1. Given the conditions (1) farther than 18 Å from VAL7 by Cα; (2) outside any helix (DSSP H, G or I); (3) of a type outside the set (A, V, I, L, M, F, W, C), which single one is not true for ARG140?
2. Is it the case, given these coordinates, that SER96 is assigned to a helix (DSSP H, G or I), of a type in the set (S, T, N, Q) and out of contact with any Lys or Arg (no Cβ under 9 Å at 6 or more places or on another chain)?
3. For segment 149-176, name all the residues that are touching a helix residue (DSSP H, G or I) at 6+ places or on another chain (Cβ under 6 Å) and hydroxyl-bearing (Ser, Thr, Tyr).
4. Restricting attention to segment 76-105, which residues are surrounded by fewer than 20 Cβ atoms within 10 Å (Cβ to Cβ), within 20 Å of GLY59 (Cβ to Cβ) and in contact (Cβ under 8 Å) with a residue 24 or more places away in the chain?
5. Within segment 83-117, can you find the residues that are among the small types (Gly, Ala, Ser) and within 19 Å of the chain's Cα centre (by Cα)?
6. Can you name every residue in segment 185-214 that is of a type in the set (Val, Ile, Thr) and in contact (Cβ under 8 Å) with a residue 60 or more places away in the chain?
7. For a quick check of your reading of the model, give me the residue pairs whose first member lies in segment 162-180 and is over 18 Å from ARG110 (Cα atoms), whose second is of a type in the set (D, E, K, R) and crowded, with 18+ Cβ neighbours inside 10 Å, with beta-carbon atoms closer than 7 Å and at least 6 apart or on different chains.
Amino acid sequence: MTRKLVVTDLNWSLFHEPTWHGLPSDPKDWVDIDVDEYIRFQKEVGNNCLFLQGTMFTGYAIYPSKLTPLAPGKGSTIFPRFYEKARADGSMEIWSYMCVGCDVFVAGSRQDWIIPTSRQYLEEGLIGPETPWTEQLCERIYEFLSLYPVDVMMFDWFTYGSLCPDKFHVQPAWFVEKPFKEIIGRKMPKTAEKITPEESLIYKREVLARQFNAIYNTVKQVSPKTKLCFNVPYWEAKEALWEDHVMMEKTDILFAESSDDVVNWLLEKRKPHQDVMTTVIGRPGVGDEGVCDPNTWRKWYDKGCSFYGYVWGMPPNFLPDTRFENDLKIMKQAFREMK
């Protein structure tokens with residue numbers, strides 16, 4: 001099956017300032033979304049999957065969670081209403097989403113869970129997978145899938161310390177001390193300079209493997225038929241952090257936001273059970289660099305890829321800003337031509 005999925009990314013809200021994707025969404029931004037219109041938009045694009053986040057990376061849920069802060073008022077019932085209508089339709093795969101590396105609310109209340117120096121790369125900071133965050137995240141996953149056993153869960157920002165994790169050097173922290181001794185076999189140094197690049201790589205691969213396995217096992221325990229898709233910030237093919245990593249081996253959908261080299265690498269690496277999904281709308285870039293260009297769809301379709309795209313709206317209207325008009329026109333036509 002060629003998956004066709006262009007989504008409104010409710011993690012972000014466009015405003016009038018001339019930025020690419022505006023600001024992280026506020027819990028009140030999308031409370032008035034008409035779920036019927038939201039589904040109708042995705043169908044009109046030509047999707048054969050339906051997508052809606054369950055929890056935003058900013059740290060609020062749009063379903064009645066007992067574990068996560070809620071969007072106000074009817075905002076906390078958006079996902080249940082979406083899920084009921086999507087299941088009643090019955091013709092399309094249902095996707096949802098949680099962010100692994102960042103939760104802005106948790107980051108603000110649990111400063112000691114933030115990976116040291118990660119705020120140099122991302123304002124909100126990235127949460128250490130070695131902290132209690134992974135257990136908390138798995139509890140959220142269990143709760144969500146118990147209520148809404150979606151067909152695919154996307155886990156975003158599966159990373160360590162930076163959105164360029166292969167280049168991030170492990171930093172000493174209270175939560176690094178025990179796993180560092182277990183993985184590297186020596187006591188954690190007091191300074192990052194005394195951790196070798198080789199040790200840093202080994203450490204990152206292992207702690208991310210542990211986090212992946214925790215997430216994978218939770219999903220399979222509560223909803224065995226749910227497939228997993230990890231959005232990893234690959235920057236080049238054959239990155240040492242990810243080459244032959246357990247995530248690459250076991251996830252159901254290998255997802256790329258990056259370049260020709262990365263997509264071709266994932267196509268080479270994929271197992272028979274795996275799909276490769278490439279992003280064609282939403283990431284800034286130009287076509288001759290092979291970055292997120294809708295005009296390349298035919299090349300990727302012929303290679304057996306599925307398709308993903310981001311658009312953004314201006315609250316309270318989730319419909320895409322006019323800057324996406326041409327890209328959407330291209331993908332609507334492309335989706336009609338795909339078998």
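1. (2)
2. Details: assigned to a helix (DSSP H, G or I): no; of a type in the set (S, T, N, Q): yes; out of contact with any Lys or Arg (no Cβ under 9 Å at 6 or more places or on another chain): yes.
No, not satisfied.
3. Within segment 149-176, THR159, TYR160 meet the criteria.
4. PRO80, VAL104, PHE105
5. At the first step, the residues of segment 83-117 found to be among the small types (Gly, Ala, Ser) are 86, 88, 90-91, 96, 101, 107-109.
Across segment 83-117, the qualifying residues are SER96, GLY101, ALA107.
6. Restricting attention to segment 185-214, the residues satisfying the condition of being of a type in the set (Val, Ile, Thr) are 191, 195-196, 202, 207.
Correct list: VAL207 only.
7. PRO165/LYS204; ASP166/GLU239; VAL170/LYS204; PRO179/GLU130
For every residue, the table says whether it meets (1) in contact with an Asp or Glu (Cβ under 6 Å, 6 or more places away or on another chain); (2) of a type outside the set (A, V, I, L, M); (3) within 26 Å of LEU266 (Cβ to Cβ).
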| position | (1), (2), (3) |
| --- | --- |
| PRO149 | no, yes, no |
| SER162 | no, yes, yes |
| LYS181 | no, yes, no |
| LYS187 | no, yes, no |
| GLU198 | no, yes, yes |
| LYS225 | no, yes, yes |
| VAL232 | no, no, yes |
| TRP242 | no, yes, yes |
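A short reminder: the numbers here are calculations on the coordinates, not readings from a lab. Keep in mind it's a predicted model, so treat the numbers as computed, not measured. No Cβ is skipped: glycine too gets one built from the backbone with ideal geometry, and neighbour counts run over all protein chains shown.
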